[in-house]
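First comes the structure, then the notes that go with it.
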Amino acid sequence: MRRWMIVALAIALAGCGTTAATTTTTEPAQTTVTQAPPSTAEPTSASTTTTTEPPPEQVVYLMVNEVGNDFRPGPFLVPVARDTGTDDLVGALTTLLSGATEEEMQMTPAMSSAIPDGTKLLGVDVAGGVATIDFSKTFEESGGSFAAIASLAQVVYTATRFDDVDCVRFELDGAPITTFSAEGIELNGPQCRDDYMDLVPMIFVDEPAYGGELGNPAQLTGVAAVFEATFQAAITDADGVIIAQPPYLMTSEGQGWGTFDVTIDYDVDEPQWGSLIVWEDSAKDGSQINIREYRVWLTPAP
């Protein structure tokens, strides 16, 4: 698989021979990015296979073994496009319980699921923005506090991907729970996304999902906590060559967590797999930090 250093080299070469596409609000960057990130932060690499098959549209949330820092060590949540066979919450949760695929587990960094094998979905009911989800008792046998919290987070993020779900109330074998697993995790009422922000990377692209369609122009939405509300992004094609790199992107908050909803134009001749890469330039030394790479489906502009 292609390592980030190769992508960084492609970015550097792009400054010599490829014009970066603009966002809807800024001019293209003319500078190059030449410094590779730390070797402990290796994002997943996109396949170079070209196909005419569109990616799946449903999304589940797995854990990816990204390396963070001493305060936020990871793993972190990642949205992953999957073919659930349906467009409803039951289908998404059933697919989530199947865990990571063999290919996903062998990626660099590897993806995984904290939800215990053998967990069964017993019921789903949505009312007033709250999804009451009933699992078998196996669900709380993940082992260890991090795994227990991660399993809850995966379900909450997967369920709240649906417009009519804001939070999740958990049940085990039909009984509501207020304390989860042997770790004694307290569940005070319905669980929402904000309850699991510790499992979100510093730059969290929620759309597009990994393995999903980028769209053209690309629209990126998510949350980030970056210095002075600024982060960077690049789009590479199936050969790893940069085809778009705006000078910077902005979140809604200069301190703490802010949202972003940005658009990036790019140009490809035919549908293909590529990569969306986001990162932050360190205020300390200018190095690339908080890197995340998504394998995405690129399409020509309409």
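For the reader, a short list of remarks on this structure follows.
- Globularity index of region 209-302, i.e. its alpha-carbon radius of gyration over 2.2 N^0.38 Å: 1.08
- In sequence order, calculated HN-Hα J values of region 206-220 (Karplus, 6.51, -1.76, 1.60; Hz; x Gly/Pro): 8, 9, x, 7, 4, x, x, 7, 6, x, 8, x, 6, 10, 10
- Table column - 3J(HN,Hα) (Hz), region 111-120, Karplus curve with 6.51, -1.76, 1.60, x for Gly and Pro: 9, 7, 10, 7, 6, x, 4, x, 5, 10
- Heavy-atom accessible surface of region 114-191: percent carbon and sulfur, 1.4 Å: 46 percent
- Each residue of region 287-302 was assigned a 3J(HN,Hα) from its phi angle through the Karplus curve 6.51 cos²θ - 1.76 cosθ + 1.60 (θ = phi - 60°); the sequence is 6, 7, 10, 6, 7, 9, 10, 10, 6, 9, 8, 9, 9, x, 5, x Hz, with glycine and proline shown as x.
- Loop-located chymotrypsin sites (Phe, Trp or Tyr not before Pro) in region 149-240, at most 14 other Cβ atoms within 10 Å (DSSP): none
- Taken over the Cα atoms of region 200-264, the convex hull encloses 85 Å³ per residue.
- Using only side-chain charges placed at the Cβ, +1 for Lys and Arg and -1 for Asp and Glu, the dipole size of region 127-265 relative to its Cα centre rounds to 100 debye.
- Interchain or long-range residues, amide H under 5 Å from Tyr210's placed H: Val80, Ala81
- Placed amide H near Val59: partners under 5 Å, 5+ positions off or other chain: Arg82
- Measuring nothing but alpha carbons in region 112-244 and taking Rh as the Kirkwood radius, the Rg to Rh ratio lands at 1.05.
- Near Gln191: Cβ cut-off under 11 Å, other residues only, Lys/Arg at +1 and Asp/Glu at -1. The net charge is -2.
The values are calculated or read from the model by the stated rules, or taken from the named source; none is laboratory data. Everything quoted here is computed from the prediction, not taken from an experiment. Glycine also receives a Cβ, built like all others from the backbone with ideal geometry; neighbour counts cover every protein chain displayed. We work out accessible area using only protein heavy atoms, side chains counted, and drop any ligands, DNA or RNA first. Shrake-Rupley method; radii C 1.70, N 1.55, O 1.52, S 1.80 Å.
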